[in-house]
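Computed from the coordinates by the stated procedures, all read-outs in this text should not be read as laboratory data. The shown structure was predicted, so the numbers you read here are calculated from the model rather than taken from an experiment. So basically every Cβ, Gly included, is an ideal-geometry build from the backbone, and we count neighbours across all protein chains shown.
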Amino acid sequence: MKDTHVRSLMKAFSWRLSGTLVTMIVAYILSGAIKFALYIGFFEFFFKIGLYYLHERIWGLIHFGAKLKTAESSINESQ
């Protein structure tokens, strides 16, 4: 299966959301300031979601470790 751009974006969004929540919790624990934790989380979310998306698309171009589809496997996937 090859990911579409939309699927890569949705994966990036869900992964980043969970990571951002952890980052904001840690920032709050360390600083004690909710506003500071939200500020860090906001910027971190948008920066890293773009980075993750680019990472996914680049790995989609790399054939290392990937298996080639055979005609038989393609037929079985479509059924």
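Structure data summary
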| quantity | calculated |
| --- | --- |
| Qualifying trypsin sites (Lys or Arg not before Pro) in segment 6-76, DSSP loop, other Cβ atoms within 10 Å at most 12 | LYS67, LYS69 |
| Added length on full extension, which subtracts the Cα-Cα distance from 0.36 nm per residue, VAL26 to LEU38 | 3.2 nm |
| Label-to-label distance, nm, for residues given as HIS55 and SER18 (7 Å Cα→Cβ offset) | 1.3 |
| P(r) histogram, all alpha-carbon pairs of the chain included - 10 Å bins from 0, percent | 17, 31, 25, 16, 8, 3 |
| Relative contact order (%) - the chain, alpha-carbon pairs under 8 angstrom, separation at least six | 32 |
